[in-house]
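> One structure, as structure tokens, below. Some questions next.
The values are calculated or read from the model by the stated rules, or taken from the named source; none is laboratory data. All figures in this text were calculated on a predicted structure; none of them were measured in a lab. No Cβ is skipped: glycine too gets one built from the backbone with ideal geometry, and neighbour counts run over all protein chains shown. Keep in mind that these areas ignore ligands, DNA and RNA; they rest on the heavy atoms of the full protein, side chains included. Shrake-Rupley method; radii C 1.70, N 1.55, O 1.52, S 1.80 Å.
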Amino acid sequence: TQLLEQSPQFLSIQEGENLTVYCNSSSVFSSLQWYRQEPGEGPVLLVTVVTGGEVKKLKRLTFQFGDARKDSSLHITAAQPGDTGLYLCAFTGTASKLTFGTGTRLQVTL
Amino acid sequence: GAVVSQHPSRVICKSGTSVKIECRSLDFQATTMFWYRQFPKKSLMLMATSNEGSKATYEQGVEKDKFLINHASLTLSTLTVTSAHPEDSSFYICSARRLRTEAFFGQGTRLTVV
């Protein structure tokens, strides 16, 4: 059973469109991280959300941590082809182990 | 950010042979290193956690005799896939972290067993 379920699994949109990716769980987390991974490379950390209800912005990306700290969302405004990649939420558990969600593949076309 | 180097980036080996993948933290000492496996278009699955000087801790379902992990120093961990078979073909990624800091990832190794 995957602790972190992401939706949608795959999203194909055109440049300029907006989108939201969701990361859901029945567990409560002290924090969640979001990563982006491009093909053939390792994931790169985008943001860490810590406080319930917290909203963080990174240029066109807006991250929100649910009030109950069980879920998180990533909203991208005016998507660009450079946003294409695999988006992963993750949490740090016991022994500092980083566990990833199921992932959302985003494809942005011209 | 810190740099984690993984080598090789791609390797093709014959069925039955062993392959070693190296993970180095170039500019910091990593108290813990992690090894992940990733199937095409899927998320990363944690295989094992290694701490310098001690035996690796494997996740449930991961064969420790198949995937040998050695963490000989604070800057180097190795993953050896022994007696590789085509089903071991995958993308393997390491990460390293210092105490209570974020994890940094290597660029991954694409293993193809023919």
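> In this structure, is B:SER95 open to solvent by less than 60 Å² (accessible area, probe 1.4 Å), in contact (Cβ under 8 Å) with a residue 60 or more places away in the chain and small (Gly, Ala, Ser)?
Taking the combined requirement at face value, the residue satisfies it.
> Report the residue count in region A:49-62 for those that are polar (S, T, N, Q) and at pLDDT 95 or above.
Of the residues in region A:49-62, 1 are polar (S, T, N, Q) and at pLDDT 95 or above.
> Looking at A:VAL108, is it modelled with pLDDT of 95 or more and farther than 25 Å from B:GLN107 by Cβ?
Spelling it out, it is not the case that A:VAL108 is modelled with pLDDT of 95 or more and farther than 25 Å from B:GLN107 by Cβ.
> B:LYS41 is checked against (1) in a strand (DSSP E or B); (2) of a type outside the set (S, T, N, Q); (3) facing another protein chain (nearest Cβ under 8 Å) and fails just one. What number does that condition carry?
Looking at each condition in turn, B:LYS41 falls short on (1).
> May I pose another question? Scan region B:52-62 residue by residue and report those that are within 14 Å of another protein chain (Cβ to nearest Cβ) and either outside any strand (DSSP E or B) or open to solvent by less than 30 Å² (accessible area, probe 1.4 Å) (or both).
B:GLU52, B:SER54, B:LYS55, B:ALA56, B:GLU59, B:GLN60, B:GLY61, B:VAL62
> If you don't mind, another one. Which is within 11 Å of chain B (Cβ to nearest Cβ), polar (S, T, N, Q) and touching a strand residue (DSSP E or B) at 6+ places or on another chain (Cβ under 8 Å), of A:SER72, A:SER96?
A:SER96
> Whether any residue in region A:79-87 is polar (S, T, N, Q) and assigned to a strand (DSSP E or B) is what I want to check.
Checked against the condition, which is being polar (S, T, N, Q) and assigned to a strand (DSSP E or B), region A:79-87 yields no hits at all.
> Still on this structure, please answer the following. Here are B:THR31, B:THR57, B:THR17: which of them is among the β-branched types (Val, Ile, Thr), under 13 Å from the mean Cα position of the chain (by Cα) and on the phi < 0 side of the Ramachandran plot?
B:THR57
> Among the listed residues B:ASP88, B:ASP65, identify the single one that is within 27 Å of B:LYS14 (Cβ to Cβ) and open to solvent by less than 30 Å² (accessible area, probe 1.4 Å).
Going through B:ASP88, B:ASP65 in turn, just one is within 27 Å of B:LYS14 (Cβ to Cβ) and open to solvent by less than 30 Å² (accessible area, probe 1.4 Å): B:ASP88.
> A further question on this structure: Tell me, which strands (runs of 3 or more DSSP E) wholly within region A:1-53 include 2 or more residues that are farther than 16 Å from A:GLY82 by Cβ and touching a residue at least 12 places away in the same chain (Cβ under 8 Å)?
Passing ranges, in order: A:5-7, A:19-24, A:32-37, A:44-49.
> Which residue out of B:THR75, B:THR32, B:THR112 is more than 17 Å from B:SER18 (Cβ to Cβ) and in contact with a helix residue (DSSP H, G or I) (Cβ under 9 Å, 6 or more places away or on another chain)?
B:THR32
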